[in-house]
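Notes follow the structure.
The values are calculated or read from the model by the stated rules, or taken from the named source; none is laboratory data. Keep in mind that this is a model prediction, so the values were computed, not measured. With ideal geometry, Cβ positions are generated from the backbone for all residues, glycine too; neighbour counts draw on all protein chains shown. Accessible surface is based on the protein model in full, side chains and every heavy atom, while ligands, DNA and RNA are left aside. Shrake-Rupley method; radii C 1.70, N 1.55, O 1.52, S 1.80 Å.
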Amino acid sequence: MFSKRNSILLVAFLMVATLLAGCGANNSKPGNSGEASPSPTQTQTQTETPANTASPEPSQTGGEVNIYTARHYDVDQELYDRFTKQTGITVNVVEGKAPELIERIKREGSSTPADLFITVDGGILNSAKAEDVLQPIVSGVVDEQVPAELRDKESQWIGLSTRARVIVYAKDRVDPAQLSTYEDLAEDKWKGKVLVRSATNLYNQSMLASFIAIMGEKEAEAWAAGIAANLAREPEGGDRDQAKAIVAGVGDVGIMNTYYVGQLAASQDAEEVKVAEQIGVFFPNQQTTGTHINISGAGLIKHSKNKDNAVKLLEFLTGAEAQSKISQANFEFPVNGQAELPELLKSWGEFKIQNVDFAKYGELNPKAVEIANKVGWK
Amino acid sequence: MKITLLPRSAGRHVNGWTMTSVIGAAVVLLPILYVLACLFRPPNDNWSKVKQFLLTDYVLGSAKLVFFTGFFAAFIGVALAWLIAGYTFPLRNFFKWALVLPLAVPPYIAAYTYSSMTGYTGIIQATLRNRFDVALPPGTIEVMSDRGAIFILTLFLFPYIFMMTRVFLERQSASFIENARLLGHKPISVFFRVVLPLSRPAVMAGVMLVVFEVLSDYGVANYFGVQTVSTAIFQTWFGMYDVDSAMKMAAWLMIGVIGLFMIERWLRRSKRYASTTSRSHPLRPQRLKGLAAWGAAAFCTVIFLLAFAIPIAQLAAWSIQYGGKIWRSDFADLIANTIKGAGIGTAIILLIAIVSSRAARMFDSPFMQALSRMMSAGYSVPGAIVAIGVLAIFIELDGRLAPLYRAMGKDDGALVLSLSLAMLLTGYVIRFMATGYGALEAGYEKMPRVYSEASRTLGRSSLFTFLRVELPLIKGSLLSGFVLTFVEIIKELPLTLLLRPFNYDTLSTRAYQYATDERVFDAALPSLLLVMIGLVSVLILLRPERR
Amino acid sequence: MAYVAVEQITFRFSGRQPAVIDKLSFTVTRGEIVGVLGASGSGKSTLLRLIAGLEMPESGSISVDGRLLTNERVFLEPEQRGVGMVFQDYALFPNMTVADNIVFGLHKLKRSMRLLRLEQMMELVQMKEYAKRYPHELSGGQQQRVALARALAPQPSVLLMDEPFSSLDAHLKASIRSELRQILQKANITCLLVSHDQADIEAICDRVLRIQEYGRENEFEEIAVG
């Protein structure tokens, strides 16, 4: 049953398959520049390398800027569209998970089409820097709009917004006077009453990393062990789910990000609004080390081909107008002091923040994961 | 046989066509081999920590999830298949196709939907609280747990087993089952003594698909906080920033799965139940009466409600309520991208699947078997790991093709292939080869060889035989392979996230965009559209059967 | 003179198993109808498959009408051999009508010739009124006649029949046997027919090759029948 014809057939099919794959590749370009671009303002999108000038259909006069982003907010896209309208610079976007995007940039090396890397979490921003895929952002405008403590030391990345990780509590069961610090939540008196999501989540890892930086590895491990022992239930769900669990009576106190409280309060779902009304927000460690915050930021890619456009976009995104919009839509804290805060954020007032270099989040993240695994915080 | 052939064949095919075909297959295999190659890299410091803190718990977690999901899915799948193939009862004809529909729902979306529905602010508790002033004690409905993950994965994966078993029972088992009935066996006894052992190959094939889906699942396990090998891989990557150790783990997972494949194959080899003569007649279902009939209908209804109607109704309700807020003009593009990517990907997969399943049948050697198994191995590995393999190979390829690009007038170091849809499509092909290949392999196994042989002795070439005799006979398998693969690709997320070109959004990535930010309501509309596209393709699959 | 010459043919399914056919030789003269008799597993079907080119022998040679089909260096593919075969359960293509099945092997003829040949074949097996039927709409005996017509249509140099009666009802056998003999004689074809039933073979064949019970050596007794 060994036949020449069979083999020829086999090879022929493989070749057809390969060809087809190739055609798919070729088709994808016109397809993407025409039908597949996400919004009308981007009809000129080119998926080929930005520097490709041989293209028969040149981009708009403004050129373009390519973003790899791990931020998934509608407001981001709105701001990009607005930027394009103002400057004529096309914004091309690939969304993904941050570590995967870094891996992609790394592997693409000097050929990478990416100009900006945008993500949430200082640890990740630092790891992008540590992987040597970023370069300093040189812009007087940005320096003016973003305070130095919300920028990388070498300005390889800059903050776009911040969020605080705070204690929330059941208004009917907990007197805020009982609350003081994160450390306090690890004490015996909260046994079976603490709610926090899984330690596999980045927000918790960064928080734990910041504690390692402040109190040292041993203390931080003891704290994590205390939290793990005090949990009202096995960690599950996201931050919002902790708030709901508090209202449902599963536990009394929880740890969550501020902007989720804002989103619950602004939800179109009446039940979620009720949840937001029944929980209180407490900014811990005000007398001591300050409340843990995390940062959302953008880094300029080392091998960026559209550096000027990228910097322009950063200047735009950190401008007062864009910053107000981010804060209004997402309940994040703006980095630009000129920006206007939504009412809810205003009501929380000023608070003392942790004084930890965001770079530490990245450096200590593996240690944090190790500790969480060790103490059994799932 | 092979050895004795060599001199004769070597003489006749000096050019080594088979070598070429092996190289062709290797292109598909390269990214998989790239991941496997990680096994041979020296372990770094993290690896020992990973082994110490992660591996045992997480392997046990995976084993538990696989075992229970596999067991319950097999139970539900086979029971439903037997009810529908063996009996008539109210609504049977509806359930015959409706029970396949859960396949169109991505499990992670089902997970979000169920946890929101059953959560404190979800419709169940909210209604009880507001209308009846009943507050459920916390933890009464607990979806977010190991049990919840098993529940979700079982409900949305059992149709694989249901589908394969039902088709098998209807077509292959009639004479055995009728004999058992004639010999006076009670229905229960017929089921356990005849139906179950008889349909083992079909059940196992379905169970294997379920097992692979469970092993590679990240969405559900991560959301519900279940510790599995997949979540361990991502924790190592995302938490410890250690891609190498993550890939190493994935490689071990892949080895385990290829092993599982081989064992299953070997177990099946020793017992060949499937009869492949052209003489079997379809099974004639018996009519159920009274309580039994309503019982059967009720069982089907419960499963259908849980695995499809309820979550879809909830998604629809959310879409209507919140859809306006997130509606953007690009939804048409999302739909177009979703269908285009899945369509092209599926077509390539089926082409390769046809060639390799035919080759495996013609050259029935252990080598071909191993090759085809490896081509299917991508199914069991988390998509993101496959993606890394593909990314590495494509960037390497772009490097190699640099002179060509220069000749075409592009800049130095331009990336062409890895910025095109080709990269994503390759990812799809590697990840979902198994569904396409599985369907065609089954099609070829069902088709007696004599048809091809008769054609050859009538003076027809192998190619003509393939086109005119084999293709019409495996048409059904081809169609079901197409639909299964198509639906899989529509649902796919991690590969699409990492390998897509600029500005390429699909319904799946849009749903993810909202869901990952805990905006389940906003994720409803893209999710619903996704399910609808899957639904339409499943209906196409079932249309010829309903005639 | 030997029309079909099988010399020293050896075959095994895989390297480690004993040979199913071991150094077998025999000849058939032109126009002869020869029966091959033996228990199941004795390798008689394999013998037909070797001649048809569906299996490849380990050693030995086969030639028909002076044309070498296979030896240690040569192996003609089945479609190049011009050998007709009727399979055990007929292998009629289920997706084609009776007429399409019969015409299937006539691709080398012109269209007009093809229709003529179809006509002749339908006449020969007396299935004219069934041309538009599908195989599953036919009885076992009718299916057999279509399979026979399909195999004979391209005018093969030799016809191989594998257990032609095994899937037929016993009470039909007698009439179908004589019918088959008539058809074969009318077609004037050299035929090798495999069966496990001596009565079948005695009713149809000129000569019998008796294949020994599954053994190392295959011995063929030649028994002349009346």
Exactly one condition in (1) open to solvent by 10 Å² or more (accessible area, probe 1.4 Å); (2) within 12 Å of chain A (Cβ to nearest Cβ); (3) within 30 Å of B:Ser462 (Cα to Cα) is false for B:Phe367; which is it? (2)
(1) within 14 Å of chain A (Cβ to nearest Cβ); (2) hydroxyl-bearing (Ser, Thr, Tyr); (3) touching a residue at least 24 places away in the same chain (Cβ under 8 Å); (4) part of a helix (DSSP H, G or I): which one isn't true of B:Ser537, the others all being true? (1)
Go through the stretch C:154-172 and give me each residue that's over 19 Å from C:Leu54 (Cβ atoms) and either assigned to a loop (DSSP other than H, G, I, E, B) or open to solvent by less than 40 Å² (accessible area, probe 1.4 Å) (or both). C:Gln155, C:Phe165, C:Ser167, C:Leu168, C:Asp169
Condition (residue is part of a loop (DSSP other than H, G, I, E, B) and open to solvent by less than 10 Å² (accessible area, probe 1.4 Å)) applied to the stretch B:378-394: is it met by at least one residue? yes
Within the stretch A:72-98, count every residue that is closer than 22 Å to A:Thr162 by Cβ, within 9 Å of chain B (Cβ to nearest Cβ) and surrounded by 23 or more Cβ atoms within 10 Å (Cβ to Cβ). 2
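With respect to A:Asn285, determine if the residue is within 14 Å of chain B (Cβ to nearest Cβ) and either surrounded by fewer than 20 Cβ atoms within 10 Å (Cβ to Cβ) or touching a strand residue (DSSP E or B) at 6+ places or on another chain (Cβ under 8 Å) (or both). Give the derivation first.
Details: within 14 Å of chain B (Cβ to nearest Cβ): no; either surrounded by fewer than 20 Cβ atoms within 10 Å (Cβ to Cβ) or touching a strand residue (DSSP E or B) at 6+ places or on another chain (Cβ under 8 Å) (or both): yes.
Against the criterion (within 14 Å of chain B (Cβ to nearest Cβ) and either surrounded by fewer than 20 Cβ atoms within 10 Å (Cβ to Cβ) or touching a strand residue (DSSP E or B) at 6+ places or on another chain (Cβ under 8 Å) (or both)), A:Asn285 does not qualify.
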Yes or no: the stretch C:79-93 includes at least one residue that is touching a residue at least 12 places away in the same chain (Cβ under 8 Å), hydrophobic (A, V, I, L, M, F, W, C) and more than 10 Å from chain B (Cβ to nearest Cβ). no
List pairs: first residue in the stretch B:326-341 and more than 9 Å from every other protein chain (Cβ to nearest Cβ), second residue assigned to a helix (DSSP H, G or I) and β-branched (Val, Ile, Thr) anywhere in the structure, Cβ distance under 6 angstrom, at least six positions apart or on different chains. B:Thr338/B:Ile490
Could you look through the stretch B:444-469, keep only residues that are at the interface with chain C (Cβ under 10 Å from one of its Cβ atoms) and open to solvent by 40 Å² or more (accessible area, probe 1.4 Å), and pick out the one that is nearest to C:Met85 (Cα to Cα)? B:Arg449
Could you please find all residues in the stretch C:94-106 being within 7 Å of chain B (Cβ to nearest Cβ) and either hydroxyl-bearing (Ser, Thr, Tyr) or surrounded by fewer than 18 Cβ atoms within 10 Å (Cβ to Cβ) (or both)? C:Pro94, C:Asn95
Kindly indicate whether B:Ser357 is within 12 Å of another protein chain (Cβ to nearest Cβ) and in a helix (DSSP H, G or I). yes
Scanning the stretch C:59-77 residue by residue, those in a strand (DSSP E or B) and out of contact with any Pro (no Cβ under 7 Å at 6 or more places or on another chain) turn out to be C:Ser59, C:Gly60, C:Ser61, C:Ile62, C:Ser63, C:Val64, C:Arg67, C:Leu68, C:Leu69, C:Phe75
Checking B:Ala317 against (1) modelled with pLDDT of 75 or more; (2) more than 7 Å from chain A (Cβ to nearest Cβ); (3) closer than 25 Å to B:Ser477 by Cα, only one condition comes out false. Which one? (3)
Residues that are buried (at least 21 other Cβ atoms within 10 Å of the Cβ) and either among the small types (Gly, Ala, Ser) or under 18 Å from the mean Cα position of the chain (by Cα) (or both): find the helices (runs of 4 or more DSSP H) completely inside the stretch B:166-235 holding 2 or more of those. B:200-216, B:219-224, B:229-234
Within the stretch B:504-516, can you find the residues that are at the interface with another protein chain (Cβ under 7 Å from one of its Cβ atoms) and open to solvent by less than 10 Å² (accessible area, probe 1.4 Å)? B:Tyr504, B:Thr509, B:Gln513
Return the only residue of A:Leu160, A:Leu231, A:Leu179, A:Leu185 being within 14 Å of chain B (Cβ to nearest Cβ) and hydrophobic (A, V, I, L, M, F, W, C). A:Leu231
Is it the case that some residue within the stretch A:361-377 is within 14 Å of another protein chain (Cβ to nearest Cβ), modelled with pLDDT under 90 and in a loop (DSSP other than H, G, I, E, B)? yes
Could you check the stretch C:1-18 and list, in sequence order, the residues that are in contact (Cβ under 8 Å) with a residue 60 or more places away in the chain and surrounded by fewer than 18 Cβ atoms within 10 Å (Cβ to Cβ)? C:Tyr3, C:Pro18
Do the conditions hold for B:Phe95, that is, is it aromatic (Phe, Trp, Tyr) and closer than 18 Å to B:Met208 by Cβ? no
Among (1) open to solvent by 60 Å² or more (accessible area, probe 1.4 Å); (2) of a type outside the set (Val, Ile, Thr); (3) within 14 Å of another protein chain (Cβ to nearest Cβ), which single condition is B:Met144 missing? (1)
Scanning the stretch C:64-78 for residues that are open to solvent by less than 30 Å² (accessible area, probe 1.4 Å) and in contact (Cβ under 8 Å) with a residue 24 or more places away in the chain, which turns out farthest from the other protein chains (Cβ to nearest Cβ)? C:Val64
Using beta carbons and a limit of 9 Å, which pairs, at least six apart or on different chains, have the first residue in the stretch C:42-57 and more than 13 Å from C:Thr10 (Cα to Cα) and the second one assigned to a helix (DSSP H, G or I) and among the basic types (Lys, Arg)? C:Ala52/B:Arg456; C:Gly53/B:Arg456; C:Leu54/B:Arg456
Within the stretch A:246-259, track down each residue that is over 19 Å from A:Lys189 (Cβ atoms), facing chain B (nearest Cβ under 7 Å) and either modelled with pLDDT of 90 or more or not in a helix (DSSP H, G or I) (or both). A:Val247
Among B:Ala434, B:Ala407, which is surrounded by 19 or more Cβ atoms within 10 Å (Cβ to Cβ) and more than 10 Å from every other protein chain (Cβ to nearest Cβ)? B:Ala434
Inside the stretch B:486-502, can you point out the residues that are open to solvent by less than 10 Å² (accessible area, probe 1.4 Å), within 14 Å of chain A (Cβ to nearest Cβ) and either under 15 Å from B:Ile335 (Cβ atoms) or in a helix (DSSP H, G or I) (or both)? B:Ile489, B:Leu495, B:Thr496, B:Leu497, B:Leu498, B:Leu499
If you go through the stretch A:191-202, how many residues are open to solvent by 10 Å² or more (accessible area, probe 1.4 Å) and at pLDDT 90 or above? 4
